[in-house]
Amino acid sequence: MSNAPLLEVKNLKKYFNTPRGLLHAVDDVTFTLERGKTLGVVGESGCGKSTTGRSILRLLEPTGGEVLFEGQDITKLSKEEMRAKRKDMQIIFQDPYSSINPRKTVGQIIADPLEINNIITDKTQKEKRVRELMEIVGLADRLYGTYPHELDGGRRQRIGIARALALEPKFIVCDEPVSALDVSIQAQILNLLNQLQKDMGLTYMFITHDLSVVNHFSDDIAVMYLGRLIEKAPAEELFANPTHPYTQALLSAIPIPQLHNRRERILLKGEITSPINPPKACRFAQRCPYATDRCRSEEPGLKEIKPGHFVACFLTDN
Amino acid sequence: MSKENTKKSQSQFMDTFKRLCRNKSAVLGLIIVVMLALIAILSPVIYDYDTQIIKTNYSEALQAPSGAHWFGTDEMGRDIFNRVMYGSTTSLSIGLITVIVALCGGLVLGAAAGYYGGKVDMIIMRIMDIFLAVPGTLLAICIVASLGNSIMNLVIAQAVSSIPTFSRVVRGAVITARDAEYVEAARAIGAKDARIIFKDVLPNSLAPIIVQTTLQVASVILSIAGLSFIGLGIPAPRPEWGAMLSASRAYIRDYSYMCLFPGLAIMTTILSLNLLGDGLRDALDPRLR
Amino acid sequence: MSANTTNAVDIKNLSVEFRTDSGIVKALNNLDLSIAHGRTLGLVGETGAGKTTTGLSLLRLIPSPPGVITSGEIFLDGKDVLTMSEKEMQSLRGKYVAMIFQDPMTSLDPVMTVEDQIAEVIALHEEGTHQDAINHAREMLELVGIPGARGNEYPHQFSGGMKQRVVIAMALACNPKLLIADEPTTALDVTIQAQVLEMMKGLREKYDTSMLMITHDLGIVAEICDEVSIIYAGHVIEHGNLVDVFENTKHPYTEGLFNSLPNIEDRQAELKPIKGLMPDPTNLPEGCAFCDRCDYAKDICFKQKPARTWRNETHYVECHLYNEKNIGEKVIGR
């Protein structure tokens with residue numbers, strides 16, 4: 001295959017019309033994602049990380065920008081062409097309770113993508129494939145005919161993963177796949193996703209608010225704040241040298257289950273500003289301890305400060 | 001605390017049925033409805049329409065209830081018990097057919113309005129609003145008056161005036177189900193709209209629709225009785241409770257039993273359907289689980 | 001441990017069942033728990049372990065039916081909660097003990113201004129005019145870092161973090177001696193969580209409040225608690241101060257919890273999840289509740305409930321791996 005990155009997102013924008021004005025959910029987000037790698041996208045609620053994932057899959061129509069998948073701009077595809085493209089691009093949802101239809105059995109849910117895309121029409125073949133997928137994600141064979149309400153969150157999430165895998169995609173958006181689960185189950189699912197990536201050469205966009213999870217899981221990490229991508233770097237680099245003041249505060253705020261080596265905590269003041277009709281300024285300026293007049297009147301762009309390490313902050317100018 | 005993982009394996013239907021059984025009045029409603037349905041189905045088999053239902057026998061006219069005629073006889077000497085029994089066939093079958101027709105219409109319109117939203121929703125629902133602005137009975141009277149007095153026209157009239165109610169209920173239910181994540185999941189695996197509506201959205205919006213259907217059967221039966229009472233319903237001599245009630249009006253002082261039994265029949269039917277409907281509403285409400 | 005204690009909280013041998021159609025859910029099984037005055041205890045466990053039930057039992061707020069307390073005693077400040085009249089209990093709630101629920105969105109009344117809501121709590125327990133109560137309410141808001149002038153706004157005008165602070169202000173309004181916080185920051189973002197935790201620490205020191213911190217997050221425990229009880233299937237299986245539990249972890253389940261967490265310092269470290277699932281609370285195993293998931297399980301674990309073994313005066317564990325002799329040694333290691 002070509003050496004081009006699997007996914008290139010250029011100036012992606014998604015605005016929503018609200019009664020109070022235009023909500024800039026995703027604003028000018030640009031990044032690339034190499035085949036077989038994992039990009040972790042972190043940020044707090046309302047920062048646009050899930051909207052970014054959904055816009056890339058065109059589950060939400062982007063307001064502007066390009067999404068190049070294997071070099072092809074998928075934002076220009078027709079509805080029918082996009083439907084075909086979805087075989088390559090899948091999503092795993094956050095809430096294992098609401099993301100699967102309670103009226104279908106486990107077998108039906110996993111067979112759905114095969115049926116819809118006419119991949120396997122033969123009934124016995126289809127059942128065989130579904131059982132195979134169930135085994136891959138670690139669901140006991142006897143669960144084939146059960147309904148999801150009889151299962152716990154971890155097992156339901158495995159159903160969601162099997163459904164996404166059924167189409168043998170190249171790229172999967174994992175939208176907070178473990179945040180609704182208990183820690184012991186969370187680790188099971190993370191290990192499963194890791195294993196699947198190794199076995200199938202999957203590329204992940206891993207959306208989460210949990211920095212310790214993203215650190216464990218990602219090659220690169222992108223930090224979002226109010227619709228903007230403010231810092232992107234290889235995981236180790238980001239944790240070693242967080243440069244944007246928000247990233248620093250975010251990292252320091254993680255509660256660590258250790259008694260020693262505790263980090264100095266940077267406490268932010270104030271609340272997140274509204275993403276509706278945001279002013280032309282750094283969106284973090286209101287909470288930033290280092291904000292200058294320039295930060296309040298100009299928007300910083302993304303700059304590469306080290307190979308692979310991008311930051312959007314005026315502080316890096318000095 | 002999660003009681004989720006303690007739930008024994010059982011289908012959703014059995015689950016609902018069990019909860020329905022805990023509600024005494026709903027069980028009573030269910031039993032009566034089942035009995036009525038049996039009577040309605042069996043009456044045409046048991047009775048000979050020509051000799052036992054519509055045949056006049058003036059020598060036995062206006063007899064009070066007795067061993068031979070449990071509910072007495074009417075002014076033409078017909079056995080009221082037989083006619084009340086047979087009337088259930090008329091009322092229930094027309095009620096059911098009407099509601100099925102209305103439900104189909106309501107499902108299509110409501111699902112389209114709810115799923116697509118925006119302009120489609122606007123147009124469909126404004127038209128429905130116009131229908132809702134005209135009282136249902138009045139609308140039915142107009143339709144029957146202009147098309148003529150037949151069972152077919154009665155069904156049309158009732159169905160048309162029931163469609164808006166169904167559309168609204170379906171639309172509401174669909175809007176709730178539409179935003180669920182599994183609908184988004186279905187789109188992510190490439191499902192088309194029709195499949196999503198029929199396989200994902202509607203099955204999860206059934207609860208309010210089932211309840212509305214039950215209640216609507218009652219209201220249709222009631223308005224057919226009403227229309228028959230004013231002479232726009234089922235054409236004579238086919239027994240129908242409303243028409244029987246209307247005919248007995250003239251004799252209410254001296255032979256009050258004549259109006260008592262058809263009236264009781266209407267009341268029992270409506271009451272039991274409503275009890276069942278309310279019970280279903282509670283049993284299907286996920287918040288009460 | 002002694003009966004005539006004056007701890008802020010003493011729960012002894014508490015068992016709670018929920019009698020549902022699908023069986024008897026044994027939510028708490030002989031749970032023991034105590035909090036000394038001015039101390040903070042972290043109650044850590046997974047969904048369904050009985051954390052919230054424990055919190056609700058303290059306030060005697062278990063929904064009944066289906067909830068039934070089948071055995072045990074609960075003492076708040078030495079007073080027996082289970083024998084109290086409903087009236088006594090009501091005066092205790094809010095005044096002596098207050099609870100913060102997980103979801104700030106649902107614990108505030110959307111059609112009342114926040115100061116009215118706080119003032120309502122104050123008026124229930126303290127003398128004074130309505131204006132006094134409102135003034136006090138505004139002071140409370142200031143205390144949690146919300147300008148008092150915003151008191152006449154409605155809950156929807158506040159962000160999630162601010163709503164949770166309003167809930168905390170309401171809980172603290174009558175200066176309770178004991179605060180039960182049920183996952184108070186789970187619904188919040190990390191940076192906001194850091195703010196709220198910092199604020200709670202400050203208030204706790206200022207008022208010398210005892211606290212029961214119900215959480216699933218060992219990071220938060222390390223942050224704010226003095227002691228920690230690990231709860232599994234409605235029973236405390238390990239208890240100690242932070243050093244005991246974090247650095248001398250004894251129970252295989254506690255160890256499993258630590259191993260399931262991604263290590264932020266070492267990103268290559270492999271996650272070692274606990275295998276299997278929580279046991280069905282309608283059908284708990286005869287022996288140790290954790291036996292099916294335990295890597296160290298022996299025959300006896302399946303047959304007999306383990307007894308309590310004390311490692312030192314503060315630290316105990318309930319596991320068949322340990323006895324008086326070997327408890328000092330490190331038997332399982334992280």
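The values are calculated or read from the model by the stated rules, or taken from the named source; none is laboratory data. Values in this document were obtained by computation on a predicted structure and should not be read as measured data. Glycine gets a Cβ as well: all are built from the backbone with ideal geometry, and neighbour counts include every protein chain shown. The area values use the complete protein model at the heavy-atom level, side chains included, leaving out ligands, DNA and RNA. Shrake-Rupley method; radii C 1.70, N 1.55, O 1.52, S 1.80 Å.
Are there chymotrypsin sites (Phe, Trp or Tyr not before Pro) in region A:175-248 that DSSP puts in a loop and that have at most 12 other Cβ atoms within 10 Å, and which ones?
Numbers: sites: A:204, A:206, A:217, A:225, A:239, A:246; in loops: none.
Taking region A:175-248 and a limit of 12 other Cβ atoms within 10 Å, no loop chymotrypsin sites (Phe, Trp or Tyr not before Pro) are found.
How many square angstrom of accessible surface are buried between C and A, both sides summed, with a 1.4 Å probe and rounding to 100? Write down the numbers at each step before the final one.
Details: alone 16020 and 15790 Å², together 28140 Å².
Answer for the C-A pair: about 3700 Å² buried.
Among C:118-126, B:137-145, how do they line up from the highest to the lowest mean number of other beta-carbon atoms within 10 Å? Intermediate results must be reported in sequence, preceding the final value.
Details: C:118-126: 19.9, B:137-145: 17.1.
The densest-packed peptide leads the list: C:118-126, B:137-145.
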Expressed in nanometres to one decimal, the distance between label points 7 Å along Cα→Cβ at residue B:251 and residue A:150 is 6.0
In units of 2.2 N^0.38 Å, the Cα radius of gyration of region A:49-99 is 1.18
Extend 7 Å from the Cα of residue C:175 along its Cα-to-C-beta direction; within region C:191-227, residues with backbone N under 11 Å of that point are C:207-208
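Highest mean first, what order results for A:74-83, C:79-88 on Cβ atoms within 10 Å?
Values: A:74-83: 13.4, C:79-88: 11.7.
Peptide ranking by packing, descending: A:74-83, C:79-88.
Tell me, what does the Kirkwood hydrodynamic radius of the protein assembly as shown come to in angstroms if you use every pair of distinct C-alpha atoms? Intermediate results must be reported in sequence, preceding the final value.
Details: mean 1/r = 0.0310 Å⁻¹.
It works out to 32.2 Å.
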Residues of region A:53-70 with backbone N under 19 Å of the label point set 7 Å from the Cα of residue A:13 along Cα→Cβ are A:53-68
So for R0 = 22 Å, FRET eff. of residue A:45-residue C:154 from the Cβ-Cβ r, to 0.05, ends up at 0.60
At the level of C-alpha centres, the distance separating region B:198-255 and region A:69-91, in angstrom, is 53
Region A:7-243: antiparallel bridges as % of DSSP beta bridges, rounded to 5, reads 55
Pseudo-spin-label distance residue B:195 to residue A:141, built 7 Å along Cα→Cβ, given in nm, is 2.8
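According to the Cα gyration tensor, what semi-axes, each the square root of 5 times an eigenvalue, does the equivalent ellipsoid of region B:75-180 have, listed from largest to smallest in whole Å? It would help to have the intermediate numbers written out before the result.
On the way: eigenvalues 237, 53, 16 Å².
Square roots of five times the eigenvalues give 34, 16, 9 Å.
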Computed over region B:132-289, protein heavy atoms only, probe 1.4 angstrom, the accessible area per residue in square angstrom equals 43
With R₀ set to 45 angstrom, the calculated FRET efficiency between the beta-carbons of residue B:138 and residue B:75, to the nearest 0.05, is 0.90
Accessible-area loss of at least 20 Å² in the complex relative to the chain alone (1.4 Å probe) applies, within region B:145-186, to B:181, B:182, B:184, B:185
Partner shielding of B:192-200, as the mean number of partner chain Cβ atoms within 10 Å, equals 2
Chain A, Gaussian network, Cα under 10 Å: of A:278, A:234, A:62, the residue fluctuating most is A:278
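For region A:7-243, compute Rh as the Kirkwood radius over C-alpha pairs and then the Stokes-Einstein diffusion coefficient at 10 °C and 1.306 mPa s; write the answer in µm²/s, rounded to an integer. Mind showing how you got there, number by number?
Numbers: Rh = 18.4 Å.
Estimated via Stokes-Einstein, D reaches 86 µm²/s.
What is the sum of charges around residue A:14, taking Lys and Arg as +1, Asp and Glu as -1, for the other residues whose C-beta is under 12 Å from the C-beta of residue A:14? Could the numbers behind the result be given before it?
Values: positive: A:13, A:49, A:54, A:58; negative: A:27, A:28, A:61.
Local charge sum for residue A:14: +1.
Pulled fully out, how much extra length does the chain show between residue C:326 and residue C:132, if you take 0.36 nm times their separation in residues and subtract their Cα-Cα distance? Write out the running numbers ahead of the final one.
Details: separation 194, 0.36 × 194 = 69.84 nm, distance 6.04 nm.
Extending this stretch completely gives an extra 63.8 nm.
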For residue C:79, counting only lysines whose alpha-carbon sits under 21 Å away and dropping same-chain residues fewer than eight positions off, the answer is C:12, C:87, C:95, C:177
Region B:111-137 and region B:168-192 have their Cα centres apart by a whole-number Å value of 19
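Grab the other residues whose beta carbon is less than 15 angstrom from that of residue A:65, score K and R as +1, D and E as -1, and report the net. If you can, show how the numbers build up before the last one.
Working: positive: A:10, A:13, A:14, A:54, A:58, A:76, A:228; negative: A:8, A:27, A:28, A:61, A:66, A:73.
With Lys, Arg at +1 and Asp, Glu at -1, the neighbours total +1.
Keeping every protein chain present and rolling a 1.4 Å probe, give me the accessible area per residue for region A:7-243 in Å².
Details: 8330 Å² over 237 residues.
Dividing the accessible area of region A:7-243 by its residue count gives 35 Å².
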Phi angles of region B:198-209, converted by Karplus (6.51 cos²θ - 1.76 cosθ + 1.60, θ = phi - 60°) into ³J(HN,Hα) in whole Hz with x for Gly and Pro, give 7, 9, 10, 6, 4, x, 8, 10, 5, 3, x, 5
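Which entries of A:37/B:192; C:275/C:298; A:49/A:170 have Cα-Cα distances beyond 22 Å here?
Details: A:37/B:192 31 Å; C:275/C:298 16 Å; A:49/A:170 20 Å.
Violating the 22 Å Cα-Cα cut-off are A:37/B:192.
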The extension gain from residue B:58 to residue B:28, computed as 0.36 nm times the residue separation minus the Cα-Cα distance, is 6.9 nm
Two pseudo-spin positions, 7 Å from Cα along C-beta at residue C:91 and at residue B:147, lie apart in nanometres by 7.3
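Dividing the convex hull volume of the Cα atoms of chain C by its residue count, what figure in Å³ per residue is obtained?
Numbers: hull volume 49.6 nm³, N = 334.
Cα-based convex hull of chain C, divided per residue, equals 148 Å³.
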Taking placed amide H atoms and a strict 5 Å upper bound, the residues 5 or more places from residue A:181 or on another chain that come that close are none
When chain A is treated as a Gaussian network with springs between alpha carbons less than 10 Å apart, the largest mean-square fluctuation among A:230, A:254, A:172 is found at A:254
A 1.4 Å probe over the protein heavy atoms gives region B:82-135 a carbon and sulfur accessible-area percentage of 82
Taking max minus min of the Cα coordinates of chain B on each principal axis, largest first, gives extents in Å of 76, 49, 31
Any aspartates and glutamates whose Cα falls less than 13 Å from that of residue A:14, other than same-chain ones fewer than 8 residues away, would be A:27, A:28, A:61, A:66
Over all Cα pairs of region C:111-270, the Kirkwood radius sets Rh, and Rg/Rh then becomes 1.06
Excluding residues fewer than 8 positions from residue C:201 in its own chain, the aspartates and glutamates with Cα under 14 Å of it are C:223, C:226
Among A:244, A:149, A:260, the residue with the largest mean-square fluctuation in a Gaussian network model of chain A built from Cα contacts under 10 Å is A:260
Summing -39500 (n - 2.57) over every DSSP H run of at least 4 in the protein assembly as shown, dividing by its residue total and rounding to the nearest 500, the 222 nm mean residue ellipticity is -13000 deg cm²/dmol
Expected vector for region C:155-165, Karplus 3J(HN,Hα) from phi with 6.51, -1.76, 1.60 and θ = phi - 60°, integer Hz, x for Gly and Pro, equals x, 5, 7, 9, 7, x, x, 5, 4, 5, 5
Taking the alpha-carbon centre of each part, the distance from region A:125-191 to region C:254-309 in Å is 22
